[in-house]
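The structure appears below as structure tokens.
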Amino acid sequence: MNHIVDFEARTLATLLASGDILGMRMFMERMQMPLDVQDRLLHQASGLSSFDAEGIAALLEEGGQSLLSERLGY
């Protein structure tokens with residue numbers, strides 16, 4: 001795990017442990033994370049037995065990419 005993922009995971013773990021869902025959304029938005037990835041990450045993180053940085057880092061590394069096609073446009 002690199003330092004950026006470690007920082008993001010620690011920050012998200014702190015926000016999740018404090019119950020600050022809006023803060024998590026805002027932080028993930030600053031990370032330029034797509035909304036579908038944000039939703040999936042929140043869902044997976046809520047299923048963790050404890051909100052530790054290692055577990056959240058693993059979720060970030062395995063599911064950090066959007067499943068939606070880049071060609072979907074308006």
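The values are calculated or read from the model by the stated rules, or taken from the named source; none is laboratory data. Because the structure is a prediction, the values reported are computed rather than measured. Cβ placement follows ideal geometry from the backbone for every residue including glycine, while neighbour counts extend to all protein chains displayed. What goes into the accessible areas is simple: the full protein's heavy atoms, side chains included, and nothing from ligands, DNA or RNA. Shrake-Rupley method; radii C 1.70, N 1.55, O 1.52, S 1.80 Å.
Going from most exposed to least, what order do Glu62, Glu8, Glu29 have by accessible area with a 1.4 Å probe? Present the calculation step by step, with values, prior to reporting the outcome.
Details: Glu62 135, Glu8 35, Glu29 105 Å².
Result, largest first: Glu62, Glu29, Glu8.
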**OP:** Rounded to whole Å and sorted largest first, list the principal axis extents of the Cα atoms in segment 1-48.
**Re:** 23, 22, 18
Original post:
Could you give the nm distance between label points at Leu42 and Asp6, where each point is 7 Å from its Cα heading toward the beta carbon?
Top reply: 2.9
**OP:** Using a 1.4 angstrom probe on the protein heavy atoms only, line up Val37, Val5 by accessible area, largest first.
**Re:** Val5, Val37
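Using alpha-carbon pairs under 8 Å, 6+ residues apart, how would you state the relative contact order of segment 1-62 in percent?
Values: 39 pairs, mean separation 32.2, N = 62.
The value is 52 percent.
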